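Asks: Before we start, here is the structure in question, set down as structure tokens.
The values are calculated or read from the model by the stated rules, or taken from the named source; none is laboratory data. Computed from a predicted structure; not experimentally measured. Using ideal geometry, Cβ is built from the backbone for each residue, glycine included, and neighbour counts are taken over all protein chains shown.
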Amino acid sequence: MKTLSRIILMVLASAGSGTLYGETFDATVDWNRRVTIGFGMSGQVKAVEAQPGEAVPSGSVLAKLDTVLLEISLRKASNTAAISEAEMERQLAVVEREQTLYDEGSLSAVQLEQAELELSRTEFALNDAELEHQRMQHLLELATLTAPFDGWVVDSDFMPGQFVNHEADTPALMVLVERGRYLAKARIDVTAVEKLSADRAIQVHMGERVFDVMRSYIGLEPITGADGERRYLLKVQFESEDLIRPGTPCIVKVF
């Protein structure tokens, strides 16, 4: 009898403390990450490798521009850099020889200075050639659109043969969302915010499916609803290999 009394007292104490044990919140599903990406340069679209509705792995090619002229410029920059490097090595040998002659008294200081100036010129020319090579490599990278993470292609403006201008007011873009990770969003009142702690177990329930929450956070600023009440946005992150469309209703349970 004493044991039963203690259990009843513990239950009453828990209820009186205002904990969120077993608390549920109506929520809706949203993408965890949604990005809009486009080319970093202008050009003609050579190929489109991903279409709306397709799943794409991280790092895969989504679309690419025609890079024939860029590849030619890259080879020219590489040749220029190789020639400049050879000229600098030759001039370095000249300066070393001139320095020896100067030390022996067979060369004037003016002649040695001219050789050193020529070495500086060839060194600057090599630096410029290497920078141009790096610039062309960077442009080649900008001409290929890759997936920043495992995702779904939501929308795309690209088609083969199309000319894209990355500086246009409305440039061609592709919309990508993260695959396998979602957010459940619920609006909670200030009382729930004060009680909810980071160490509580949280689950997302969607019919018979139950998902453990990876991470949760609460917005710092309140949102005023249509009823005029101020609530805070609770976001909980969970994983699912299945496609879950945004707006799907779910329940967030706090234990």
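Asks: Tell me yes or no: at least one residue of the stretch 203-216 is modelled with pLDDT under 90, outside any strand (DSSP E or B) and acidic (Asp, Glu).
Replies: Among the residues of the stretch 203-216, not one is modelled with pLDDT under 90, outside any strand (DSSP E or B) and acidic (Asp, Glu), which makes the answer no.
Asks: Starting from residues that are part of a loop (DSSP other than H, G, I, E, B) and either over 21 Å from the mean Cα position of the chain (by Cα) or modelled with pLDDT under 95 (or both), keep the ones in the stretch 55-76 and report whichever is nearest to residue 170 (Cα to Cα).
Replies: Here the residue is 66.
Asks: Report, by residue number, each residue of the stretch 86-108 that is at pLDDT 85 or above, surrounded by 14 or more Cβ atoms within 10 Å (Cβ to Cβ) and more than 53 Å from the chain's Cα centre (by Cα).
Replies: 98, 99, 101
Asks: Follow-up question, since we're still on this one. Just checking, does the stretch 27-48 include any residue being acidic (Asp, Glu), at pLDDT 95 or above and surrounded by 11 or more Cβ atoms within 10 Å (Cβ to Cβ)?
Replies: Among the residues of the stretch 27-48, at least one is acidic (Asp, Glu), at pLDDT 95 or above and surrounded by 11 or more Cβ atoms within 10 Å (Cβ to Cβ), which makes the answer yes.
Asks: Which residue pairs have Cβ atoms under 9 Å apart, sit 6 or more places apart or on different chains, and have a first residue in the stretch 102-118 that is within 21 Å of residue 87 (Cβ to Cβ) and assigned by TED's automatic domain parsing to the domain that holds residue 91 and a second that is modelled with pLDDT under 85 and assigned to a helix (DSSP H, G or I)?
Replies: Sorted first by the residue in the stretch 102-118, then by its partner, the pairs are 111/102; 112/102.
Asks: What are the pairs with Cβ atoms under 6 angstrom where one residue, in the stretch 139-156, is among the hydrophobic types (A, V, I, L, M, F, W, C) and the other, located anywhere, is surrounded by fewer than 16 Cβ atoms within 10 Å (Cβ to Cβ)? Sequence gap at least six, or different chains.
Replies: Every condition considered, the pairs that remain are 142/40; 147/58; 147/60; 149/58; 152/55; 153/52; 153/54.
Conditions (1) under 20 Å from residue 140 (Cα atoms); (2) assigned by TED's automatic domain parsing to the domain that holds residue 150, marked per residue:
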residue	(1), (2)
39	yes, yes
52	no, yes
55	no, yes
59	yes, yes
72	yes, no
75	yes, no
79	yes, no
86	no, no
90	no, no
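Asks: Mind listing just one residue for me: the one in the stretch 211-241 that is in contact (Cβ under 8 Å) with a residue 24 or more places away in the chain and loosely packed, with under 12 Cβ neighbours inside 10 Å and, of those, nearest to residue 191 (Cα to Cα)?
Replies: 223
Asks: Here's something else I'd like to know. Say we look at the stretch 103-150 and pick out the residues that are in contact with a strand residue (DSSP E or B) (Cβ under 7 Å, 6 or more places away or on another chain) and aliphatic (A, V, I, L, M); which of these is nearest to residue 67 (Cα to Cα)?
Replies: Among those residues, the one meeting the criterion is 143.
Asks: For the stretch 59-116, how many residues are under 16 Å from residue 133 (Cβ atoms) and among the polar types (S, T, N, Q)?
Replies: Of the residues in that region, 6 qualify.
Asks: Pick from 172, 129: which is within 27 Å of residue 54 (Cα to Cα) and not in a strand (DSSP E or B)?
Replies: 172
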